[in-house]
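See below for the structure under consideration.
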Amino acid sequence: GFFTCAADVTTLVRAEAEASGRARQLESVLSRLHGGVALFDPEMRLSLSNPAYETLIGLPTASIRPGHTHREVIELLASRGEIAADEGALISARMEGGRHRAATRLRQRPGGEVLRFETQPMPDGGCLIEVDDITALKQAEDDARRRAAMLDAVLAALPHGVCVFGPDRRVSLFNDAHARIMHGSAVQLGETLEDLVARRVAEGEFTPAQAQAVLDRQFARDGVDGRPVLHQRPNGTVIEARTARLPDGGHISVITDVTA
């Protein structure tokens, strides 16, 4: 004879359906990511990647597939002129030897785009590589660096002393001319305006009345008086001081040696 065995596999079927749904959802998310993602196994073979990964690193769509080694991906890039052969060999060696620790590196493509690669080790011994196009950010950083260098050059060339106070009334910047003009009573980075004024009273630079006038008129908390103020230093030099409020809530003080 024969017998029939029936088993309730509802839970299994539901689990398979949920797993398939999650897989489709993951594929949908990966395909829509602006950043590139590539997962490599412990042997540095590609397990999965999204379309943005290929596009960002400079490969045509469907150029790579699961099973490709990281070295083969680099060779494809070298064959397309994205990277030099010797650079490709260096990248491959670095990835194979250092995939067990997190790292970040930048690469500029031939077209000028700047890519940021972030590598993270995975529990199974493989690694995850994320790629972002940071061209705009890099350009903004370079522009900011150029502007900062230009500002430093301007401050260094000015014959006027410049001292900047932050919103917390602490010294955040001053130039060489300020230190030279105020020789013997130079400001110190991080020093509060109140401490600076008190120190100058102790040094004999200010009288108590002058110190109070500086705090109440030139550097009042509810506004600053931008009119020039003349001050004769104990060494006989005469300086003209002007103060202005800055957009961040701090203020700038500009002094000029007008002794002559």
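Structure data summary
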quantity	calculated
Pair list, Cβ under 7 Å, 6 or more apart: segment 86-111 residue closer than 18 Å to Glu75 by Cα, other residue in a strand (DSSP E or B) and not charged (D, E, K, R)	Arg107/Leu115; Arg107/Phe117; Gln108/Val114; Arg109/Leu115
Matching option when the condition is under 19 Å from Val187 (Cα atoms) and out of contact with any Ser or Thr (no Cβ under 7 Å at 6 or more places or on another chain), among Ala241, Ala211	Ala211
Gly1 vs. criteria at pLDDT 90 or above and open to solvent by 50 Å² or more (accessible area, probe 1.4 Å)	yes
Test result for Asp124, in contact (Cβ under 8 Å) with a residue 60 or more places away in the chain, farther than 15 Å from Ser253 by Cα and open to solvent by 60 Å² or more (accessible area, probe 1.4 Å)	yes
Any pair with Cβ under 9 angstrom, 6 or more apart, that starts in segment 192-220 at a residue that is basic (Lys, Arg) and ends at one that is assigned to a helix (DSSP H, G or I) and open to solvent by 60 Å² or more (accessible area, probe 1.4 Å)	Arg200/Gln210
Residue satisfying condition, being open to solvent by 60 Å² or more (accessible area, probe 1.4 Å), among the polar types (S, T, N, Q), assigned to a helix (DSSP H, G or I) and over 25 Å from Pro121 (Cβ atoms), within set Thr11, Thr61	Thr11
Test set (1) out of contact with any strand residue (DSSP E or B) (no Cβ under 7 Å at 6 or more places or on another chain); (2) exposed (fewer than 15 other Cβ atoms within 10 Å of the Cβ); (3) in a loop (DSSP other than H, G, I, E, B) - Glu141 fails condition number	(3)
Residues located in segment 213-232, provided they are among the polar types (S, T, N, Q) and either modelled with pLDDT under 90 or under 40 Å from the mean Cα position of the chain (by Cα) (or both)	Gln218
Residue in segment 85-110 that is farthest from the chain's Cα centre (by Cα), counting only those that are surrounded by fewer than 11 Cβ atoms within 10 Å (Cβ to Cβ) and either at pLDDT below 85 or over 21 Å from Cys127 (Cα atoms) (or both)	Asp86
Asp152 being open to solvent by 50 Å² or more (accessible area, probe 1.4 Å), in a helix (DSSP H, G or I) and either out of contact with any Leu (no Cβ under 6 Å at 6 or more places or on another chain) or without any contact (Cβ under 8 Å) to a residue 40 or more places away in the chain (or both)	yes
Filter result for Arg180 (within 22 Å of Pro167 (Cα to Cα) and more than 33 Å from the chain's Cα centre (by Cα))	no
Close pairs (7 angstrom Cβ cut-off, 6 or more residues apart or separate chains): closer than 15 Å to Val37 by Cβ in segment 56-78, of a type in the set (Gly, Ala, Ser) anywhere	Leu56/Gly36; Ile57/Gly36; Ile64/Ser49; Pro66/Ser47; His70/Ser92
Members of segment 158-180 found to be free of Cβ contacts under 8 Å to residues at least 24 places away in the same chain and either among the hydroxyl-bearing types (Ser, Thr, Tyr) or touching a helix residue (DSSP H, G or I) at 6+ places or on another chain (Cβ under 9 Å) (or both), listed by number	Leu158, Arg170, Leu173, Phe174, Asn175, Asp176, Ala177
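The values are calculated or read from the model by the stated rules, or taken from the named source; none is laboratory data. It should be emphasised that the depicted structure is a prediction, and the values quoted were computed from it without experimental measurement. Cβ sites come from the backbone with ideal geometry, for glycine too, and all protein chains shown count toward neighbours. Quick note on the areas: whole protein, heavy atoms, side chains included, nothing else; ligands and nucleic acids left out. Shrake-Rupley method; radii C 1.70, N 1.55, O 1.52, S 1.80 Å.
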